[in-house]
1. Where in region A:30-90 are there helices (runs of 4 or more DSSP H), lying fully within it, with 2 or more residues that are without any contact (Cβ under 8 Å) to a residue 60 or more places away in the chain and under 20 Å from residue A:140 (Cβ atoms)?
2. Residues in region A:34-47: is at least one of a type in the set (A, V, I, L, M) and within 15 Å of DNA strand C (Cβ to nearest atom)?
3. When you look at residue A:188, is it loosely packed, with under 15 Cβ neighbours inside 10 Å, within 30 Å of residue A:227 (Cα to Cα) and within 16 Å of DNA strand B (Cβ to nearest atom), yes or no?
4. Quick one: which residue in A:45, A:14 is of a type in the set (Phe, Trp, Tyr), modelled with pLDDT of 95 or more and within 11 Å of DNA strand B (Cβ to nearest atom)?
5. Being farther than 30 Å from residue A:247 by Cα and within 12 Å of DNA strand C (Cβ to nearest atom) narrows it down to one residue among A:126, A:84, A:114; which is it?
6. Which condition number in (1) exposed (fewer than 13 other Cβ atoms within 10 Å of the Cβ); (2) touching a residue at least 40 places away in the same chain (Cβ under 8 Å) is the one that residue A:233 fails?
7. Being under 24 Å from residue A:5 (Cα atoms), part of a loop (DSSP other than H, G, I, E, B) and within 12 Å of DNA strand B (Cβ to nearest atom), is that true of even one residue in region A:284-295?
8. Please count how many residues of region A:110-145 are farther than 11 Å from residue A:94 by Cβ and either touching a Leu at 6+ places or on another chain (Cβ under 7 Å) or of a type in the set (S, T, N, Q) (or both).
Amino acid sequence: MLQQTRVEAAIPFYERFLERFPSIGALAAAPENDVLTAWSGLGYYSRARNLHKAAKQVAERGLPAGHADVLALPGIGAYTAGAIASIALGLPHAAVDGNVMRVISRVTGNDSDIGSAAARREFGKIADALLDRARPGDFNQAMMELGAMVCLSRAPVCASCPVAKFCAGRAAGRERELPVKLRKQATRDVTLDLALVTRGEQVFLVRRASAERRLADFWELPAKRQLADSADARCSKIGEFRHQIVNDRFRVILWRARASGAERLFNFDPAPGRWFDSAEREQVPLTTVTKKALAAANIFSASG
DNA sequence: AAAACGGGGAC
DNA sequence: GTCCCAGTTTT
């Protein structure tokens, strides 16, 4: 959960997740739908799918005993393998996360682009050389903590840094310029027109295909263009909001579609969706856009 | 090697 | 707005 996600953001999900899946066996035995539902809202859903796969492997083959076994599990890369090997197994492997990259970049005055694979390899070697091999877990956590509490990204607190006198970046007065990160993501603006189709307390949701690259198998509001022409013609806009994902900046426009009699509402047939009441909506993975839209619809209807 | 992946908090 | 978070996988 902590991969590319702030600790504070992950904690409530972590607590609910462990309540729902209290053991590796429980997680391994659960359907993927339930795992995704518990993860819904936290993002980077490949983490949930990979964790689920890893739990199945561990349930089948037993816990990993060495660094290579840990690294071989799905969803576990260089950083997480190092963290598990050092903290859980006491093995001498560095754990280089974003915090540690920043600390090493500054302490050594290294201005390699930390977005490059070469720099990651380079920093990994430096971290392995610095590692306290007698207490690798404590060392790694100390490095991460230094980055999280003192060697801050925008405003490092060098005055209270225990290694300030060894810091080449500080000596050069370049601590704020490091680490160097060249890659910039270009964001696109996308408008999303979504249809809120209700039947009593129920809402019609469609399921994203399993082959979708993003948010596969998640449920969401249908797009307005999926409405049949007659239903589309009677849509009324009920609100809009913004939602940013990795490279897309969505402007979401929410439309209420009205049915008249028994006419068909959608262009698709058979419908790749179904009606959900509020209890059923808690049992499937919903996209955050959909959660926001449903919340917004309640607000708009309550206020007007 | 670069792009994709979700979302939110800090500034 | 921009940056980036206890990164990994896919292209």
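1. The helices (runs of 4 or more DSSP H) meeting that bar are A:67-71, A:78-83.
2. Within region A:34-47 (the criterion being of a type in the set (A, V, I, L, M) and within 15 Å of DNA strand C (Cβ to nearest atom)), the answer is yes, since at least one residue qualifies.
3. yes
4. The unique qualifying residue is A:45.
5. A:84
6. (2)
7. For region A:284-295, residues under 24 Å from residue A:5 (Cα atoms), part of a loop (DSSP other than H, G, I, E, B) and within 12 Å of DNA strand B (Cβ to nearest atom): present.
8. Selection size over region A:110-145: 7.
The values are calculated or read from the model by the stated rules, or taken from the named source; none is laboratory data. Being a predicted model, the structure only gives us computed values, none of them experimental. Quick reminder, even Gly has a Cβ in these numbers, built from the backbone with ideal geometry, and neighbours come from all protein chains shown.
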